[in-house]
1. Has segment 83-91 got at least one residue that is farther than 20 Å from Arg176 by Cα, in contact with a Phe, Trp or Tyr (Cβ under 7 Å, 6 or more places away or on another chain), assigned to a helix (DSSP H, G or I) and among the small types (Gly, Ala, Ser)?
2. Which one of the conditions (1) in contact with a Leu (Cβ under 9 Å, 6 or more places away or on another chain); (2) more than 11 Å from the ligand (Cβ to nearest atom); (3) among the β-branched types (Val, Ile, Thr); (4) outside any loop (DSSP other than H, G, I, E, B) does Ile72 fail to meet, given that it meets all the rest?
3. If we scan segment 81-88, do we find a residue that is in contact with a strand residue (DSSP E or B) (Cβ under 8 Å, 6 or more places away or on another chain) and loosely packed, with under 15 Cβ neighbours inside 10 Å?
4. Quick check on my filter: what residues within segment 89-130 are near the ligand (Cβ under 10 Å from one of its atoms) and surrounded by fewer than 17 Cβ atoms within 10 Å (Cβ to Cβ)?
5. State the number of residues belonging to segment 19-53 that are free of Cβ contacts under 8 Å to residues at least 60 places away in the same chain, away from the ligand (no atom under 13 Å from the Cβ) and assigned to a helix (DSSP H, G or I).
6. Looking at Leu15, Leu56 in this structure, which one is at pLDDT 95 or above and part of a helix (DSSP H, G or I)?
Amino acid sequence: MKQSHNSTRYNYDRLSRWYDWFASSEKHFTEIGLRMLKIQPGEKVLEIGFGAGQGLVALAHSAGETGKVYGIDLSEGMFQIAQAKIARAGLSRRVELRLGDAARLPFEDDFFDAIFISFTLELFDTPEIPLVLGECKRVLREDGRLGVVALEKKDCRAVKIYEWFHARMPALVDCRPIHARKTIEAAGFELAEASEEAMWGLPVEIVIARKYG
Ligand SMILES: C[S@@+](CC[C@H](N)C(=O)[O-])C[C@H]1O[C@@H](n2cnc3c(N)ncnc32)[C@H](O)[C@@H]1O
């Protein structure tokens, strides 16, 4: 079900104050993805769709004082909540946030060592996903890593039930399961590692891939 960027922005602006509580069951999977991405001190990292900023704080700790973390999100509400969380953690000098659409990344080519996307790729309309991954490829350096955490589209009962709700309440149940690994490989990345987890019976795919060529 396609939602306009305006309605996505509006929904996340409204959700932002409660997002940490609302999305608490997703945190565990985001943490697994962050661990698998293995950010090193000194690296330059981008998080796309940073939400309330949980990932940004972890990334900034891993990248250390010599590294730098950038984030981009569509929602002004999320931007404010994440910025406050980063300030409280004393990490403002290590993190730079942008408000904008990830389909057009405001960064130069070959800039990042790694990119992290958690429960966000599923929000893009199907034809837009390759565009977002193409932008990731452009701004990643050669051999740079992409880490994606996403609901996985599989032929199982839990996915069918979830999709039923998504079709009827797209503003509330907005992420939809996708074929993350296949789409990432089709966008020209090389698979480095993948893990399949389950969240309330729903399959969650965690994929680490590398840019080549
Ligand atoms: C489901 S939340 C996930 C937040 C965070 N990654 C997490 O795992 O807790 C999706 C986030 O993506 C952002 N988002 C949605 N569409 C976007 C777009 N086109 N460009 C940038 N961010 C977007 C939303 O504003 C929201 O903060």
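1. no
2. Answer for Ile72: the failing condition is (2).
3. Within segment 81-88, none of the residues are in contact with a strand residue (DSSP E or B) (Cβ under 8 Å, 6 or more places away or on another chain) and loosely packed, with under 15 Cβ neighbours inside 10 Å.
4. Arg98, Leu99, Gly100, Ala103, Arg104, Asp125, Glu128
5. Number of matching residues: 1.
6. Only one candidate passes the filter, namely Leu56.
The values are calculated or read from the model by the stated rules, or taken from the named source; none is laboratory data. Because the structure is predicted, anything quoted here is derived from the model rather than measured. Note that each Cβ is placed from the backbone with ideal geometry, even for glycine, and that neighbours are counted across all protein chains shown.
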